[in-house]
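Have a look at the structure below, then the notes.
The values are calculated or read from the model by the stated rules, or taken from the named source; none is laboratory data. This one's a predicted model, so the numbers in the text were calculated from it and none came from an experiment. Positions of Cβ are generated from backbone atoms using ideal geometry, with glycine treated the same way; all protein chains shown enter the neighbour counts.
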Amino acid sequence: MKSETDRDPAGPSPAEPSAEPPTEASPGPSPEPSAAPLRAVLRRSAEAADRAMVGGIVKITARPLGPYQSAVVRIGFALAWLLYLLFEWPNRHELYGPDGPWSWELGRRLIETNNAFTALMWSDSTVWFEIVYAVAVLSGAALLVGWRTRTMSVLFMLGVLSLQNRSVFMGDGGDNVIHLMAIYLVFTRCGRVWSLDARRRARRPEAGPDGPGGDPVGVALWSVLGAVLLGITVRGDLDWFGGTGPVPFLGWATVLWGLWLAHALWWAVRPRPAEAAAAPSEAADTGPADTAGPAPEGEDRPGGRDRRTDARRFLDVLTNVVHNAALLVIMVEVCFIYATAGWYKIQGSRWQDGTALHYPLNLDYFTPWPALSEALGSNGVLVMLITYGTVIVQVAFPFTLFNRRVKNVLLAVMMLEHASIAVVLGLPFFSLAMIAADAVFLPTAFLVWLGARTARNTGRLRRFARRGERDGAAGEPAGPDGGTGSGADSPRTLVG
């Protein structure tokens, strides 16, 4: 403790008043100079994060992303499956029929253990097998051209699962990819472009399930499939619960009836003719969210925006989210395929010493062109470069998605590699399936250019054919553009 003499002589004593006038009491310590800029930085960061979050939510709910990529995936896998079924048509009974090496009884025992779905287990009749095989072929062809895409994607999935789960030992690796993608395609809106559905919507906006007019073909198809599903359910071939379906804890009866009712609901909330006439420029399938607010009681919203329109918009947002999620799953699946394939190759001694390619080139099963295989297999340097290059590309591809240019280069290399596998090793369906999976990463600009170029060439062939018909039938010269001069025969793009 300080004494009176130890105090600072310059300071005022407690008994003596200070010479300085009293000042007002400070409310507290003043903030540090760096606190205000820090608050501003945090506020700006929070606002930027909020804008990014809102923008991301709007982006994944406002419209289906990647319409061209999903269309290419649809076309690629439908084509691969259709060509495979047609190619194996003479051998279909030995591969999947009740009298094949993998008999119906053996298939039934396996299905009882793994609970896989296959309609071929509902009957051992040859007639039923022919019906299922024909449905698989027709659904693949319909999905390829994009006719009734929502319905055909479900039938396509059922056809793929029925045949592949019937004989699990048939396939060359591409069947696993088709198996997975057939399920994912059900959840995508893969008929937005490059399909007969898109062409029908462009020519007759009032028709179809998305238009205000009637859709007798769609209603008839929906009714027939509902009657078939009802008969199958009554027979007890499908379970409602138990985890036998593609969704946990649900059976195939619940899933298929849910899809059937979802199609009915989508058609029920389609825009009415009066609504379409009131707002012709607003597409009901991709329109923005209604921001006009609630209308006064007893009045409709402007443009006929009633409860059914709100329900349609809600379903639109929901289907957009499901589509975008399914497209993301497809991309992640492709990355997993290449990453696991590459890392497993790294662990193999033949891939480590660069001689892995030599062995399949000398197997009779993988040498459709013996001279070509011998020429490649005898070049040690080329075999080593291809072996190491395959591993590098497969391992590196998932990491190149952050750089668009590098990704496009490796994507072209992988597609070229699979095309070479189709020719050199004789695995065309495997290669086509993998190329279709790779196509999900193709840039939109390239796909738009490819569609326009294809449409232009198709239009030239169409005009040339029409010119020949007119010259041969009437002997009248055609116009300078190959048409009548009225513009009615102008070429249409693949996207409508």
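The table for this structure:
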{"item": "Breaking point among (1) part of a helix (DSSP H, G or I); (2) over 18 Å from the mean Cα position of the chain (by Cα); (3) surrounded by fewer than 20 Cβ atoms within 10 Å (Cβ to Cβ); (4) of a type outside the set (Lys, Arg), for residue 162", "result": "(3)"}
{"item": "Count of the stretch 96-116 residues which are crowded, with 19+ Cβ neighbours inside 10 Å and within 33 Å of the chain's Cα centre (by Cα)", "result": "3"}
{"item": "Single condition residue 129 does not satisfy, out of (1) under 15 Å from residue 74 (Cα atoms); (2) buried (at least 21 other Cβ atoms within 10 Å of the Cβ); (3) without any contact (Cβ under 8 Å) to a residue 40 or more places away in the chain", "result": "(1)"}
{"item": "Unique match (being at pLDDT below 95, within 14 Å of the chain's Cα centre (by Cα) and either in a helix (DSSP H, G or I) or outside the structural domain of residue 437 (by TED's automatic domain parsing) (or both)) among 150, 199", "result": "150"}
{"item": "Which numbered condition residue 448 misses (of (1) in the same structural domain as residue 374 (by TED's automatic domain parsing); (2) within 19 Å of the chain's Cα centre (by Cα); (3) not small (Gly, Ala, Ser))", "result": "(1)"}
{"item": "Qualifying residue in the stretch 222-237 (condition: modelled with pLDDT under 95, in the same structural domain as residue 322 (by TED's automatic domain parsing) and not in a helix (DSSP H, G or I))", "result": "yes"}
{"item": "Any hit, the stretch 315-331, residues being assigned to a helix (DSSP H, G or I), in contact with a Ser or Thr (Cβ under 9 Å, 6 or more places away or on another chain) and of a type in the set (Asp, Glu)", "result": "yes"}
{"item": "Residue within the stretch 349-372 that is assigned to a helix (DSSP H, G or I) and among the β-branched types (Val, Ile, Thr) present", "result": "no"}
{"item": "Pairs with Cβ under 9 Å, 6+ apart, first in the stretch 175-186 and in contact (Cβ under 8 Å) with a residue 12 or more places away in the chain, second among the acidic types (Asp, Glu)", "result": "177/333; 180/333; 181/333; 184/333"}
{"item": "Counted residues, the stretch 334-371 - those being under 20 Å from residue 415 (Cα atoms) and over 36 Å from the mean Cα position of the chain (by Cα)", "result": "0"}
{"item": "One residue from 139, 103 being more than 30 Å from residue 365 (Cα to Cα) and small (Gly, Ala, Ser)", "result": "139"}
